[in-house]
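Below you'll find the structure, written out as structure tokens, and then a few comments.
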Amino acid sequence: MANTIISTILITLLALLFLFPLVWMLVSSMKPEAAIYKDIGGIKAFLPSFDIGSWGTAYRELLSRFNVFIYLLNSIFYGLSVTIGSIIVNSLAGYGFSKFRFRGRKMLFGLLLALLVIPGETIIIQKFQVVRSMGILNTPLAVIFPSLAAPFYIYMFKNFFDAISDDIIESAQLEGASMFTIYWRIMLPMAKPAIATVGTLSFISSWNDYIWPLMVLTDSNRFPLQVAITNINNTQPVYMNQVMAILTISTIPLIIVYVFFQKYLVQGMGASGTGEK
């Protein structure tokens, strides 16, 4: 009983530690500029303005100064495109490694796993050169294509497909189904936890990506929200409540995605190491 109480208290304190910055960001976006600095040293820093009518002022001023909706739509488009593409590309690769027998399969999969230890930042120049040689710089394709395939996602799908009996495939083949039909109608629907996990992680990664879109995009109208935030923060005059407002806007979609897919995310991450369905 005592251990349960202590654990609950420690978990609650840890949760509050992570919530404090989010709460401060949200309430600061609902205050006048002067009130943020006035209240910063006390408990009022975590309380919104008592004037309810002023809560949306920073948001209205922000939207009047910047094309936030364009940046938001860009981020949503990039995020959804990467999510859908990542599920298709990585599930196909995982399906191939799991159910196809070809020469060099184990060695190729071993090399794929070795890529997990290589930080993405170390190959970003090579990725840029590939994108430039393809002639797709300053287009949405430059942002989307390099984010589709990931070794960890392929590994996750392979584990899920390994747990599906080959007898199912053999039965489907006897009924005349092709390997792609088996993948699309049988294997993919059975890997829903992996789909939810890869989709959630892909969306979050795309939404938070800053360096890569900044490298491959020059047209500001194509910037995602994360890149636009930097421009907004550097555009004079800079108002702290508007900065907090744009950060709040950028955080809300991530919270929504996590709340709705939290169950599948935990289930998929837990099963990815064991191959359980």
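Here are the numbers for the structure shown:
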| quantity | calculated |
| --- | --- |
| Qualifying position, being touching a Pro at 6+ places or on another chain (Cβ under 7 Å), touching a residue at least 40 places away in the same chain (Cβ under 8 Å) and within 30 Å of residue 218 (Cα to Cα), among 81, 75, 29 | 75 |
| Residue within the stretch 73-82 that is over 30 Å from residue 160 (Cβ atoms) and either out of contact with any Cys (no Cβ under 9 Å at 6 or more places or on another chain) or part of a helix (DSSP H, G or I) (or both) present | yes |
| Failed item in (1) surrounded by fewer than 21 Cβ atoms within 10 Å (Cβ to Cβ); (2) farther than 30 Å from residue 38 by Cα, with residue 243 passing the rest | (2) |
| Helices (runs of 4 or more DSSP H) lying entirely in the stretch 105-194 (those with 3 or more residues that are surrounded by fewer than 17 Cβ atoms within 10 Å (Cβ to Cβ)) | 105-114, 124-134, 166-174, 179-182 |
| Residue within the stretch 188-201 that is farther than 16 Å from residue 92 by Cβ and among the hydrophobic types (A, V, I, L, M, F, W, C) present | yes |
| Looking only at the stretch 33-46, and only at residues there that are open to solvent by 60 Å² or more (accessible area, probe 1.4 Å) and under 21 Å from residue 62 (Cα atoms), the one that is nearest to the chain's Cα centre (by Cα) | 37 |
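The values are calculated or read from the model by the stated rules, or taken from the named source; none is laboratory data. Fair warning: this is a prediction, and the values are worked out from it, not measured in the lab. Ideal geometry is used to build each Cβ from the backbone, glycine not excepted, and the neighbour counts take in all protein chains shown. Remember, those area values only see protein heavy atoms, side chains included, never the ligands or the DNA or RNA. Shrake-Rupley method; radii C 1.70, N 1.55, O 1.52, S 1.80 Å.
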